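Enquirer: After the structure tokens below, expect a handful of questions from me.
The values are calculated or read from the model by the stated rules, or taken from the named source; none is laboratory data. Remember, predicted model here, so these are calculated numbers, not experimental data. Cβ placement follows ideal geometry from the backbone for every residue including glycine, while neighbour counts extend to all protein chains displayed. Quick note on the areas: whole protein, heavy atoms, side chains included, nothing else; ligands and nucleic acids left out. Shrake-Rupley method; radii C 1.70, N 1.55, O 1.52, S 1.80 Å.
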Amino acid sequence: MHFASDNSGPALPEVLSALTAANEGYAMGYGADAEMAEVVETIRKVFEAPEAAVYLVSTGTTANSLALATLCKPWETIFCSHVAHIHEDECNAPEFYTGGAKLTMASPKDVDKMTPDSLRAAIEGEETRGVHGPQRGPVSITQVTERGTVYTLAELKALCDVAKSFDCPVHLDGARFANAMVALGCTPAEMTWKAGVDAVSFGGTKNGCMGVEAVIFFDPKHAREFELRRKRGGHLFSKHRYLSAQMLGYLKDDAWITAATKANASAAHLAGGLRQIEGVEFMHPPQANMLFVYLPRATHKRLFDAGAVYHLWGGELEGEDDTEMLPARFVCDWSIEQDQIHKFLDLAAG
């Protein structure tokens, strides 16, 4: 009954098999391996982007920070939501790697998504003080959001249209890219460049890789600068084939789509069961593989005592009022089994 994070789950068998195959003999380092050439070709095909520049790094923070640093000058600001991953979870890494660019919130506090109106207002509020204030920089969209919701294609297009009206590039933080794509029933191209996205952090780690993310620029003019920033930032792997192999195993035979489909289906099953329990409330509509739910303190105690693993999202487990509703986050990865979900739901129901 492990629902703490999709970071906690095992690697896909396809990824491990690809790593084993890549571990034979010798290969050129620093991305000159044959596997990387295949990764580039495959990702270009998957995204319907034959000219795209494709690079691999080991963490999502690296992918987001270096991609944004390539799109953003130090005196500019990056527009994002209050609950964007780059704002909540990356310890000022984007600000560090951009050389001091700031983040400007473009959504109401604690709201899961930006809207065209909130984004426009945020952009219009900057570049208004000459040299004394930050200049307008890129827009960064987290998809799936950090509250488990998904921007529709129409919402993505509307945000990109606003950004482009101010000549601001758009970055998509796709740590859970596959989960969002499966939820929308769309293609990678439809969720990115066809909507107006310029650069993507294409996540692998949360969906079954050991540790690899792709950075994709649909305009190859950014390639050289990204290469230099990756090297200067200490994120160019010497034995790069082990990153490449993971991504190849992930992409082969649509393993990434299968994994995300299973994770989303498990979360939907969990959500459906929780809805049958009287008093349970959802903080946000569950749309991918992550749920935010209010449960009574007594229920949380019962679940934790039985070995369930997940995170409270506010409040304290210990308290006198066992009826108090405490929020929690539940995340399903590709490996969670139905019997674990059933056991959890039986315990939650009391």
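Enquirer: Do any residues in segment 144-159 that are more than 17 Å from Val83 (Cα to Cα) and of a type in the set (Lys, Arg) have Cβ atoms under 9 Å from those of residues that are outside any helix (DSSP H, G or I) and open to solvent by 10 Å² or more (accessible area, probe 1.4 Å), where the two are at least six apart or on different chains, and which pairs are they?
Expert: Short answer, once both residue conditions are applied: Lys157/Lys194; Lys157/Gly196.
Enquirer: Ok, one more. Does at least one position in segment 32-42 carry a residue that is under 15 Å from the mean Cα position of the chain (by Cα), assigned to a helix (DSSP H, G or I) and over 23 Å from Lys221 (Cβ atoms)?
Expert: Within segment 32-42 (the criterion being under 15 Å from the mean Cα position of the chain (by Cα), assigned to a helix (DSSP H, G or I) and over 23 Å from Lys221 (Cβ atoms)), the answer is no, since none of the residues qualifies.
Enquirer: In addition: Take the residues in segment 162-202 that are within 23 Å of Lys109 (Cα to Cα) and of a type outside the set (Gly, Ala, Ser), then tell me which one is surrounded by the fewest Cβ atoms within 10 Å (Cβ to Cβ).
Expert: Cys168
Enquirer: For Phe292, which of the numbered conditions (1) among the hydrophobic types (A, V, I, L, M, F, W, C); (2) within 18 Å of the chain's Cα centre (by Cα); (3) farther than 30 Å from Gly319 by Cβ fails to hold?
Expert: The single condition Phe292 does not satisfy is (3).
Enquirer: Among the candidates Phe79, Phe3, Phe96, single out the residue that is of a type in the set (Phe, Trp, Tyr) and closer than 16 Å to Ile141 by Cα.
Expert: Residue meeting the stated conditions: Phe79.
Enquirer: Further question on the same structure: Considering only strands (runs of 3 or more DSSP E) fully contained in segment 141-225, which possess at least 3 residues that are touching a His at 6+ places or on another chain (Cβ under 8 Å) and closer than 27 Å to Asp333 by Cα?
Expert: Qualifying strands (runs of 3 or more DSSP E): 199-203.
Enquirer: Filter segment 43-75 for residues that are out of contact with any Pro (no Cβ under 8 Å at 6 or more places or on another chain) and in a loop (DSSP other than H, G, I, E, B) and give the result.
Expert: First, pick out the residues of segment 43-75 that are out of contact with any Pro (no Cβ under 8 Å at 6 or more places or on another chain): 43, 45, 49-50, 54-63, 66-67, 70, 73-74.
Matches in segment 43-75: Ala49, Pro50, Ser58, Thr59, Lys73, Pro74.
Enquirer: When segment 214-269 is examined, which residues are found to be open to solvent by 70 Å² or more (accessible area, probe 1.4 Å) and within 21 Å of the chain's Cα centre (by Cα)?
Expert: Across segment 214-269, the qualifying residues are Lys252, Asp254, Thr258, Lys262.
Enquirer: Could you check segment 307-350 and list, in sequence order, the residues that are assigned to a loop (DSSP other than H, G, I, E, B), more than 28 Å from Val15 (Cβ to Cβ) and either modelled with pLDDT of 95 or more or open to solvent by 50 Å² or more (accessible area, probe 1.4 Å) (or both)? Talk me through it step by step, then tell me what you get.
Expert: In the first step, residues of segment 307-350 are kept if they are assigned to a loop (DSSP other than H, G, I, E, B); the result is 307-308, 310, 313-324, 332-337, 350.
When the remaining residues are screened for being more than 28 Å from Val15 (Cβ to Cβ), the result is 313-324, 350.
Result: Trp313, Gly315, Glu316, Glu318, Glu320, Asp321, Asp322, Thr323, Glu324, Gly350.
Enquirer: Under 8 Å between Cβ atoms, which residue pairs at least 6 apart in sequence (or on different chains) link something in segment 92-108 that is of a type in the set (D, E, K, R) with a partner that is assigned to a loop (DSSP other than H, G, I, E, B) and buried (at least 19 other Cβ atoms within 10 Å of the Cβ)?
Expert: Glu95/Ala101; Lys102/Pro134
Enquirer: Read through the list (1) in contact with a Lys or Arg (Cβ under 7 Å, 6 or more places away or on another chain); (2) among the hydrophobic types (A, V, I, L, M, F, W, C); (3) touching a residue at least 60 places away in the same chain (Cβ under 8 Å), then give the number of the only condition that Ala84 fails.
Expert: (1)
Residue-by-condition table, conditions (1) within 30 Å of Leu347 (Cα to Cα); (2) hydrophobic (A, V, I, L, M, F, W, C):
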site: Ser8; (1), (2): yes, no
site: Ala11; (1), (2): yes, yes
site: Ser17; (1), (2): no, no
site: Ala27; (1), (2): no, yes
site: Val46; (1), (2): no, yes
site: Glu51; (1), (2): no, no
site: Ser58; (1), (2): no, no
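Enquirer: Here's another thing I want to ask about it. Being in contact with a Gly (Cβ under 6 Å, 6 or more places away or on another chain) and either open to solvent by less than 80 Å² (accessible area, probe 1.4 Å) or over 30 Å from Asp305 (Cα atoms) (or both): is that true of Glu90 here?
Expert: No; evaluated as a whole, the condition is false for this residue.
Enquirer: I've got another one for you. Only one of these is over 25 Å from Thr145 (Cβ atoms), aromatic (Phe, Trp, Tyr) and in contact (Cβ under 8 Å) with a residue 24 or more places away in the chain: Tyr242, Tyr250. Name it.
Expert: After applying the criteria, what remains is Tyr242.
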